[in-house]
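Notes to accompany the following structure.
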Amino acid sequence: MSDNLLVLNAGSSSLKFCVYQRPGAGQDWRLEAKGQIEGIGTAPRFLAKDGAGTALAETKLIGEVRDAASALASLADWLRSRYGGSQVVGVGHRVVHGGARHAAPVVVTPEVLEDLRALEPLAPLHQPHNLAAIEAVANRLPEVPQVACFDTGFHRGQPAVAELIPLPREIRDGDVQRYGFHGLSYEYIASVLPEVAPEIARGRVIVAHLGSGASLCAMRDRRSADSSFGFTALDGLCMGTRPGSVDPGVILYLFQNLRLSPDEVETILYKKSGLLGISGLSNDMRVLLESREASAKLAVDYFVYRAAKEIGALTAALGGVDGLVFTAGIGENAPEIRRRICDASAWLGISLDAEANTRRAPRISSPDSRVSVWSCRPMKN
Ligand code: ADP
């Protein structure tokens, strides 16, 4: 009987999964299947491929799939029909926020779950869904160990000045510091750099994770030296529905002058700003790139402007830059955005190979570029 490991990444509208299998104890784990339930709460669909990328399933889900528990029930049905007799020996979860207490992957206990639940207000788009999946698995498979892996973990060990939020001591003592996120994506990029781009792997590299959430990580010798995300995943770059850095005085203004409630401000900051807020049309980069509306153009212009500006800031933090790596939905699939960010960063010695960029080659800088530029497939694909 083979052993199975399940890896879950539970979001607000999707449950992504991988199944790893080993034929017997002591043998190697290999990717057996991966896929997702998407459209949770709207039009749920189940998609799965085998380890080689061949489609195994692509179906509309009948019945209500409205949350992590019902999505997991659908996934469990499929797993049972495909892997009937084999057992699940462990479940790994992506968890966005580990806070000050958790950096390394940890076996989930009731105490750990309590720590993580206290962090929900700091990552309201993700943490509640991550934890709901842990609870749903615990209800179905109470004996199976579950491990939480944190998006904040990769960034621990940054210089003190990079982690600091310069507020009074008594506030900082309550774990108010810059944490950084997207760490599992950055850790993956760091792990493949020696193979994909050996000439920069030990150097100063800026990785641009540009998806619905967007951030940059400054790495020195494949370790995080700084990142554009801070205490929460609101800081830094312009995102699909989040604004990135804003003057904190604006938040005071929303409370004091516009008399908005904390819930209203949270909704504005997490769900109504960024590309959607600027364009008034969409948070989807594809829609904005195709639109002729001036507001869509302004949203794309701002996205590029902020990314280039932050690349300059992180270059200063690193004392120079040897490599730039693009990843995630926009970073991997939008050559126009890569080109525009690189053009705006030409002053750093970045020169793009236009043909390689549109062809989606891994290396997209020209041979004479002082900084080598790469496009890297994200871990999830
Ligand atoms: P997340 O995992 O954070 O939900 P993704 O990494 O999947 O996000 O990225 C989603 C973003 O990628 C969306 O803004 C989407 O428009 C954009 N995207 C995906 N494919 C393309 C493409 N071909 N051109 C431009 N943008 C794209």
>> Given the criteria within 16 Å of the ligand (Cβ to nearest atom) and part of a helix (DSSP H, G or I), does Leu281 qualify?
In response: no
> Just wondering, is there one or more residues in segment 321-334 that are out of contact with any His (no Cβ under 8 Å at 6 or more places or on another chain) and loosely packed, with under 14 Cβ neighbours inside 10 Å?
Replying inline: no
> What is the one condition in (1) surrounded by 19 or more Cβ atoms within 10 Å (Cβ to Cβ); (2) modelled with pLDDT under 95; (3) within 16 Å of the ligand (Cβ to nearest atom) that Ala214 does not satisfy?
Replying inline: (2)
> Among (1) surrounded by fewer than 19 Cβ atoms within 10 Å (Cβ to Cβ); (2) over 29 Å from Leu281 (Cα atoms), where does Ile200 come up short?
Replying inline: (1)
> Yes or no: Ala316 part of a helix (DSSP H, G or I), within 14 Å of the ligand (Cβ to nearest atom) and either without any contact (Cβ under 8 Å) to a residue 12 or more places away in the chain or among the aliphatic types (A, V, I, L, M) (or both)?
Replying inline: no
> Mind checking whether some residue in segment 286-300 is more than 23 Å from the chain's Cα centre (by Cα), among the hydrophobic types (A, V, I, L, M, F, W, C) and within 14 Å of the ligand (Cβ to nearest atom)?
Replying inline: yes
> Val207 passes all but one of (1) more than 14 Å from the ligand (Cβ to nearest atom); (2) touching a Cys at 6+ places or on another chain (Cβ under 6 Å); which number fails?
Replying inline: (1)
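Please enumerate the residues belonging to segment 237-260 that are polar (S, T, N, Q) and either within 24 Å of Ala214 (Cα to Cα) or surrounded by 15 or more Cβ atoms within 10 Å (Cβ to Cβ) (or both).
Matches in segment 237-260: Thr241, Ser245.
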> Do you know which residues across segment 84-121 are crowded, with 18+ Cβ neighbours inside 10 Å, outside any loop (DSSP other than H, G, I, E, B) and hydrophobic (A, V, I, L, M, F, W, C)?
Replying inline: Val88, Val91, Val95, Val106, Val112, Leu116
>> Here's a check for you: in segment 247-275, which residue that is part of a loop (DSSP other than H, G, I, E, B) and hydrophobic (A, V, I, L, M, F, W, C) is farthest from the ligand (Cβ to nearest atom)?
In response: Leu258
> Within segment 217-272, which residues are in contact with a Lys or Arg (Cβ under 7 Å, 6 or more places away or on another chain) and among the charged types (D, E, K, R)?
Replying inline: Arg220, Asp221
> Of the residues Gly331, Gly244, which is on the phi > 0 side of the Ramachandran plot, within 18 Å of the chain's Cα centre (by Cα) and either touching a residue at least 60 places away in the same chain (Cβ under 8 Å) or part of a helix (DSSP H, G or I) (or both)?
Replying inline: Gly244
> Taking Arg339, is it within 16 Å of the ligand (Cβ to nearest atom), on the phi > 0 side of the Ramachandran plot, of a type in the set (D, E, K, R) and out of contact with any Gly (no Cβ under 9 Å at 6 or more places or on another chain)?
Replying inline: no
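The values are calculated or read from the model by the stated rules, or taken from the named source; none is laboratory data. Note that this is a predicted model, so its numbers are computed, not measured. Glycine also receives a Cβ, built like all others from the backbone with ideal geometry; neighbour counts cover every protein chain displayed.
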